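Beneath this line is the structure, given in structure tokens, with notes to follow.
Since every read-out is calculated from the coordinates, none of them should be taken as a lab result. Note that the structure is a prediction, hence the values are computed from the model and not measured. Positions of Cβ are backbone-derived with ideal geometry, glycine not excepted, and every protein chain shown enters the neighbour counts.
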Amino acid sequence: MPDNLLKNPDISVTIAGIRFKNPVIAASGAFGYGREYAGLLDVGALGGVCTKGLTLEPKTGNSGMRLHETPSGLMNSIGLENPGIPAFIEKDLPYVQELQKQGLIVIANLSGSSVDEYAEGARLLDMCGVDMVELNISCPNVTSGGMAFGLDPETASYVARIVRKALHKPLIVKLSPNAPDITAVASACIAAGADALSLVNTFKAIAIDVENRKLVFDNVSAGLSGPAIRPIALRMVWELAESVAVPIIGLGGIACTNDALEFLLAGAKAVQVGTATFANPAAMLEIIGGIATYMEKKGIFCIEDLSIR
């Protein structure tokens, strides 16, 4: 291979027909809409940004404690606080579209508590300028006693199919690691029209305030993210990569280059970084540079050749 190729590895990836200039994407919920980090890093240098979870109507989120640090992790009970999709389109989308001019791929994270909400939210997002939609099926289904849509293959398939019908843009389905059979859920979503999968979302967990002898969160449970979950998330990505043909975006505790490389080697096409940005806003830029340096060192020109699958 010519030396000039080794010095300039191709770190771009294509997912569902959309080209990302690099495989590093800001995860939903940890990066706002991009504007929040604009003074801390060059947002346009990222491969993509997943917006904060968006619902059809505005949501105020959960009461009480919302963030709680735990060894090697962070627990959150934000409750999908967001301004609603119409407000996002009016107030935040113009900034997002400026980022797109820099080659950034913008992914809208769609959430909801009923199938009708998902369908209408997808319809609105389909008409605006985002590039892709990431469907969050870890939300509680209000018509099924609060059970998350993504825990059952049949329910997950149903909401994915409804969203697919309302959406012409590429559809990513974000899977919950709390599903009893995540492979079955993944297969059902693909059959319903998912173009790609992202995994994993946060793990369900609780914390207790020993001093005051009470639960930390008003909502009882919260979502655990951060380095503590990475080996489990990596195992799930590895296993799912064996059984599905659509692209996988891996996430869960990625904080440095080696973390990201593990997911790419395991079969993920791209990665999302979330919790790490709170402690190190430059983490994603460091990972992008680190992946290129690794490929140069190993003599790998195309990122597609990284996987050991």
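For the stretch 239-296, a residue qualifies if it is under 15 Å from the mean Cα position of the chain (by Cα), of a type in the set (Gly, Ala, Ser) and more than 16 Å from Val13 (Cα to Cα), and the qualifying residues are Gly252, Gly253, Ala255, Gly274, Ala276.
Residues in the stretch 106-123 that are of a type in the set (Ser, Thr, Tyr) and in a loop (DSSP other than H, G, I, E, B): Ser111, Ser113, Ser114. Here Lys91 clears all of (1) over 18 Å from Lys169 (Cα atoms); (2) in contact (Cβ under 8 Å) with a residue 24 or more places away in the chain except the condition numbered (2).
The rows are residues; the columns are (1) touching a residue at least 60 places away in the same chain (Cβ under 8 Å); (2) within 19 Å of the chain's Cα centre (by Cα); (3) crowded, with 20+ Cβ neighbours inside 10 Å.
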| residue | (1), (2), (3) |
| --- | --- |
| Ser114 | no, no, no |
| Ala122 | no, yes, yes |
| Ala160 | no, yes, yes |
| Pro170 | yes, yes, no |
| Val173 | no, yes, yes |
| Ser198 | yes, yes, yes |
